Ligand code: FES
């Protein structure tokens with residue numbers, strides 16, 4: 001099975017996940033709360049991350065995610081809802097404040 005590396009800032013923690021894993025799976029890999037997940041269904045905005053590298057590794061945003069990010073003022077393209085992403089390559093994200 002192929003694994004991809006996800007780096008989560010500001011801690012700089014590196015996590016390996018199987019190809020195509022949802023980002024919510026990082027919680028199985030570390031006891032640290034690197035990203036604040038809430039609803040896990042794209043509805044609360046708790047899990048917004050800024051993608052520093054590897055935007056293409058997180059797949060395409062669907063329209064619901066895009067609309068909600070725009071509602072949150074984060075529709076500029078480098079933000080994602082981590083609960084709606086799967087990891088298809090190497091990426092670095094920063095938990096938004
Ligand atoms: S956890 Fe609620 S939008 Fe991602």
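Tabulated results
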item	result
Antiparallel DSSP beta bridges within the chain, as percent of all bridges there, nearest 5	80
The chain: C-alpha gyration tensor shape, a/c 1.5 cut-off, then a/b vs b/c	prolate
Peptides 2-13, 39-50 ordered by average Cβ neighbours within 10 Å, highest first	39-50, 2-13
Pairwise FRET efficiency - residue 39 versus residue 9, Cβ, R0 = 25 Å, nearest 0.05	0.60
Shape of the stretch 10-63, Cα gyration tensor, a/c cut at 1.5	rounded
Mean ellipticity per residue at 222 nm, deg cm²/dmol - from DSSP H runs of n ≥ 4 across the chain, formula -39500 (n - 2.57)	-3000 deg cm²/dmol
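Every read-out reported here was derived from the displayed coordinates using simple, explicitly stated rules and does not represent laboratory data. A quick note: this is a predicted structure, and the numbers were derived from the prediction, not measured. Methodologically, a virtual Cβ is constructed for each residue, glycine included, from the backbone with ideal geometry; neighbour enumeration extends over all protein chains shown.
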